[in-house]
1. Enumerate the pairs (first residue in the stretch 87-114 and closer than 19 Å to GLU77 by Cβ; second residue anywhere and surrounded by fewer than 16 Cβ atoms within 10 Å (Cβ to Cβ) and of a type in the set (Val, Ile, Thr)) with beta-carbon separation below 8 Å, excluding pairs fewer than 6 apart on the same chain, so at least 6 apart or on different chains.
2. Exactly one condition in (1) in contact with a Lys or Arg (Cβ under 9 Å, 6 or more places away or on another chain); (2) part of a helix (DSSP H, G or I) is not met by GLY239; state its number.
3. What are the residue pairs meeting all of these: first residue in the stretch 43-70, first residue farther than 13 Å from PHE96 by Cβ, second residue among the basic types (Lys, Arg), Cβ atoms under 6 Å, and 6 or more apart or on different chains?
4. So the check is Cβ under 7 Å with 6+ separation or different chains; which pairs have a first residue in the stretch 167-179 that's of a type in the set (Phe, Trp, Tyr) and a second one that's assigned to a helix (DSSP H, G or I)?
5. Yes or no: THR130 open to solvent by less than 60 Å² (accessible area, probe 1.4 Å) and at pLDDT below 85?
6. Please determine whether any residue of the stretch 121-132 is of a type in the set (Gly, Ala, Ser) and touching a helix residue (DSSP H, G or I) at 6+ places or on another chain (Cβ under 6 Å).
7. Is it the case that ALA55 is part of a helix (DSSP H, G or I) and either open to solvent by less than 20 Å² (accessible area, probe 1.4 Å) or in contact with a Phe, Trp or Tyr (Cβ under 6 Å, 6 or more places away or on another chain) (or both)?
Amino acid sequence: MDHCRLRCPGTGSRSLVTSSRLYCELRQMVRMTASCFRAMMWSFVFAFVMMTAWAMLAMELVRPTVKQIEEVGGFEECGSSCEGAMDTVMLTNLLFFTTVVAGDGWGQISRPVVLKHPLTAVVFVGAQLTLVFGVLNLIVAVLVDTFAEQRERDVNSRAEELEQAEQDAVEFFTRIFKAIDEDASGELTLDELLSGASLHPDFQNHLRVMDIDENDLTQLFHMLDMDHGGTIDHEEFVGALTRWVNESKT
């Protein structure tokens, strides 16, 4: 059973609850990020392909104008960083990434080129709209959907873990009942219950985690002993403590 699900109420275990919650949040973030890693990788590939397509188009349509401006020293604002910026597809990719995606010096190279040949604005504006408002928003939408699907699977997994935890609790308290039922009568007296809580290590540890002390155990016994016969049976003992365990985890 995932120990990240164990959260115990009560003032005696507040530090344990706090640390457990912090660990669970971090663990859930790491697990969800790992589950969405494939989507992020494909998103990177898709963005690179789209950027490369625009880079190839820019080399055909924009690069001649860039060379003409370089010859007359027209890139005064960016200087050498703009010269040769479209010599290869990869350099053009880098240019689009820094100007379109990162927004670094967008007008330094686009403004002189568009002023010289206005039709080149189609490439710059098209790349801007496609990559920023299209591809990047699409990537965000895909990642959000992927996280939502993982969250739904996590809820189903939590339900299965709680069901398994309930079965484990029933088996554990059944074993405890048999161990502390000294006369093997199938019923527990208050003395047997308190004696078992103080002498049986596993039972004692569970009660401590559940923040149940001797007074709580005595009150629980009297609540279960509805006929005031001085004993409780197996079903009453296991059912009450199992419910207590479930409530401490939700």
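The values are calculated or read from the model by the stated rules, or taken from the named source; none is laboratory data. It should be emphasised that the depicted structure is a prediction, and the values quoted were computed from it without experimental measurement. Please note: Cβ atoms are built from the backbone with ideal geometry, for glycine as well, and neighbour counts cover all protein chains shown. Keep in mind that these areas ignore ligands, DNA and RNA; they rest on the heavy atoms of the full protein, side chains included. Shrake-Rupley method; radii C 1.70, N 1.55, O 1.52, S 1.80 Å.
1. Note: pairs meeting the criteria are VAL100/VAL132.
2. Here GLY239 clears every test but (1).
3. THR65/LYS116
4. Pairs that qualify, where the first residue is of a type in the set (Phe, Trp, Tyr) and the partner is assigned to a helix (DSSP H, G or I), are PHE173/PHE237; PHE173/VAL238; PHE173/LEU241; PHE173/THR242; PHE177/HIS234; PHE177/PHE237; PHE177/VAL238.
5. Numbers: open to solvent by less than 60 Å² (accessible area, probe 1.4 Å): yes; at pLDDT below 85: no.
It is false that THR130 is open to solvent by less than 60 Å² (accessible area, probe 1.4 Å) and at pLDDT below 85.
6. Our first condition is that a residue be of a type in the set (Gly, Ala, Ser); within the stretch 121-132, this holds for 121, 126-127.
Of the ones still in play, those that are also touching a helix residue (DSSP H, G or I) at 6+ places or on another chain (Cβ under 6 Å) are 121, 127.
For the stretch 121-132, residues of a type in the set (Gly, Ala, Ser) and touching a helix residue (DSSP H, G or I) at 6+ places or on another chain (Cβ under 6 Å): present.
7. Working: part of a helix (DSSP H, G or I): yes; either open to solvent by less than 20 Å² (accessible area, probe 1.4 Å) or in contact with a Phe, Trp or Tyr (Cβ under 6 Å, 6 or more places away or on another chain) (or both): yes.
When the stated conditions are applied, ALA55 passes them.
Residue by residue, here is whether (1) closer than 30 Å to THR33 by Cα; (2) assigned to a helix (DSSP H, G or I); (3) open to solvent by 40 Å² or more (accessible area, probe 1.4 Å); (4) touching a Lys or Arg at 6+ places or on another chain (Cβ under 8 Å) holds:
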residue	(1), (2), (3), (4)
LEU91	no, yes, yes, no
PHE96	yes, yes, no, no
GLY103	yes, no, yes, no
GLY107	no, yes, no, no
SER110	no, yes, no, no
VAL123	no, yes, no, no
ILE139	yes, yes, no, no
THR146	yes, yes, no, no
GLU149	yes, yes, yes, no
